1. Do you know which residues across region B:269-299 are in contact (Cβ under 8 Å) with a residue 12 or more places away in the chain and farther than 15 Å from residue B:19 by Cβ?
2. Out of all the residues in region B:144-156, is one or more within 22 Å of residue B:70 (Cβ to Cβ), hydrophobic (A, V, I, L, M, F, W, C) and in contact with a Gly (Cβ under 9 Å, 6 or more places away or on another chain)?
3. In region A:177-188, which residues are under 18 Å from residue A:120 (Cβ atoms), assigned to a helix (DSSP H, G or I) and not aliphatic (A, V, I, L, M)?
4. Does residue B:228 count as under 13 Å from the mean Cα position of the chain (by Cα) and away from chain A (no Cβ under 14 Å)?
5. State all residues of region B:132-153 that are outside any loop (DSSP other than H, G, I, E, B) and more than 24 Å from residue B:60 (Cβ to Cβ); if no residue qualifies, say none.
6. Could you please let me know if residue B:149 is more than 14 Å from every other protein chain (Cβ to nearest Cβ), closer than 22 Å to residue B:47 by Cβ, surrounded by 20 or more Cβ atoms within 10 Å (Cβ to Cβ) and out of contact with any helix residue (DSSP H, G or I) (no Cβ under 6 Å at 6 or more places or on another chain)?
7. Please give the number of the condition residue A:42 fails out of (1) more than 9 Å from every other protein chain (Cβ to nearest Cβ); (2) surrounded by 19 or more Cβ atoms within 10 Å (Cβ to Cβ); (3) outside any loop (DSSP other than H, G, I, E, B).
8. Going by what's in this entry, would residue B:276 be described as outside any loop (DSSP other than H, G, I, E, B) and of a type in the set (Gly, Ala, Ser)?
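All of the numbers you see were taken from the coordinates with simple rules; none came from a lab. These numbers were taken from a predicted model, which means no experiment stands behind them. Cβ sites come from the backbone with ideal geometry, for glycine too, and all protein chains shown count toward neighbours.
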Amino acid sequence: MTEVVLEVENLHVRYGGIEAVKGISLAVGEGEIVTLIGGNGAGKTTTLKTISGVKRPESGQIRFRGQPIQSKAAHEIVALGVCQVPEGRKIFPRMTVYENLEMGAYGRRDGAGFDEDFERVFALFPVLKERSEQPGGTLSGGEQQMLAIGRGLMSRPRLLMLDEPSLGLAPLLVERIYELLREIHRQGTTILLVEQNAHMALNLADRGYVLESGTIALEDRADALLGNDAVRRAYLGEE
Amino acid sequence: MRCANGLIDQFWAQTRNGITLGAIYAMIAIGYTMVYGVLQLINFAHSEVFMVATVVSLYAFRDWYGVTEPLTGGTLLLVLLITLIPAMIASGLTAVAIERLAYRPLRRRRAPRLSFLISAIGASLSIQYLFNLMDGNHSLLFIPLPNVLGAAPQEIPDVVSSKPLFSIFGTPWNGQQLLVIAVAVLMMIILDLLVRRTKLGRGIRAVAQDPETASLMGVSIDRIIVVTFLIGGAMAGAAGVLYSVRFHFTQWNIGFLPGIKAFTAAVLGGIGNIRGAMLGGLLLGMVEAYGVACTAPQWADVISFGVLVAVLMFRPTGILGERGVA
């Protein structure tokens, strides 16, 4: 692994009385694509929300480029360059596509790179340019996912975290979204990807962690996990 | 029959009264609806935010600028401007203080919705009675309170002449009525542009639509909440100055009725919806004025609150719908 961008150490997170994350440790290196796979309620989304500052951990350390961030507010963490594309896309429905993208750049102070980033996002997702004056809520599911990813890119993240980008999309669209993620990665963005669609995620990623009821059950290179019998049975639907 | 005759006789006069009153309701209603938009909370202490501005107007007109007779021209504009600014600041800061003291501690500990409502009523009554007791003869915790207002109503000098300027369909209009409408329209246009066209406005709308996602975009929710109270408070402050120009008096409980009528206006237009609050205010003012023409002036409050009950029963989301801030 090259330089470590994100380090999570012995993270514990509680939702009311339930401990959703029970001592997770993971790391993401510069330029990597890392995926967290696992079933419903394994703690994947909780882990992402805790990294991005929406959820407070009970204990544990989260470091971004060596700096502890576990007690920072969400808007401060975005400013450091960590951006989460939330599960279910969470487009602002009554804002136009253009305004949604502007929201992505909200925390940025530099005006200069602004137009350049719009161009980049429109080049990746031409459909967003066509629909830029339309309210976000009127887009189809696939278009909304593209908008959510484009909005995330507008913050110029060093680390892009995606929560279930394939959720609720037709297989063809899932393929399309994953091609775009590959392209975004090729342009130099480090990616942490949470997925239930383990097959797609492991095919894209360099490394993977398998979460089971709030702990890490397995970690390995993605191709090794794809070949692992236990993973194949539990997450890839093979006998 | 009395109703129809009243409406026919007074139609244009009551149209004028309704628009003037409605413009003031609309400006106060904006504060209710913006706070509801970001916090899903009715800030019942907003009446007092308005009251504070009438007290600033009292001091500005009577003491600072020593107005004894109606002003005209440049002097009038200047006096209005240097009254509006401190009044809007005082009201805005009062609203922010209410947020800090009455709501933020409850938000921090994720208190149930009902606690906020009780806290709002407590804040409203505390501010009212604080002004009631500030007559120079009372102390709070052995600290003597200054003489600011007291229990008795205080007359505010006329800064704008009530002499008719021109007539429309035989109904005279005076400068007070024109001024209320002109300032209200100007303020509402500025606010609308601010919310729709600026980055700050986008932040407010984003928090209203989805606070968690807004924070993931780098929006500081606490900062947006403070700014929302500040803007809503400043609008109520401008309304307080206009009210003082039009009705020439203030009192510790002067905010109560305009306050709950503006709340009614916000519900009528669709709570959380800023343009709805503007429309609701105007409509409520007109309904009240025509209702008075149809009955008698002492029915005004019955009519307004009848509208509130009817809206809640038959169209609880209001005319333009809830939370359509964008």
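1. Result: B:269, B:270, B:271, B:272, B:273, B:274, B:275, B:276, B:277, B:294, B:295.
2. Initially, region B:144-156 is screened for residues within 22 Å of residue B:70 (Cβ to Cβ), giving B:153-156.
Next, from what is left, pick out any that are hydrophobic (A, V, I, L, M, F, W, C): B:156.
After this cut, where a residue has to be in contact with a Gly (Cβ under 9 Å, 6 or more places away or on another chain) as well, the list is none.
No, region B:144-156 has no match at all.
3. Let us first name the residues in region A:177-188 that are under 18 Å from residue A:120 (Cβ atoms), namely A:177, A:179-188.
Within this subset, residues satisfying the condition of being assigned to a helix (DSSP H, G or I) are A:177, A:179-186.
The answer is A:179, A:182, A:183, A:185, A:186.
4. In short, no.
5. Answer for region B:132-153, where residues must be outside any loop (DSSP other than H, G, I, E, B) and more than 24 Å from residue B:60 (Cβ to Cβ): B:139, B:140, B:143, B:144.
6. Details: more than 14 Å from every other protein chain (Cβ to nearest Cβ): yes; closer than 22 Å to residue B:47 by Cβ: yes; surrounded by 20 or more Cβ atoms within 10 Å (Cβ to Cβ): yes; out of contact with any helix residue (DSSP H, G or I) (no Cβ under 6 Å at 6 or more places or on another chain): no.
For residue B:149, the condition - more than 14 Å from every other protein chain (Cβ to nearest Cβ), closer than 22 Å to residue B:47 by Cβ, surrounded by 20 or more Cβ atoms within 10 Å (Cβ to Cβ) and out of contact with any helix residue (DSSP H, G or I) (no Cβ under 6 Å at 6 or more places or on another chain) - is not met.
7. That leaves (3) as the condition not met.
8. Yes.
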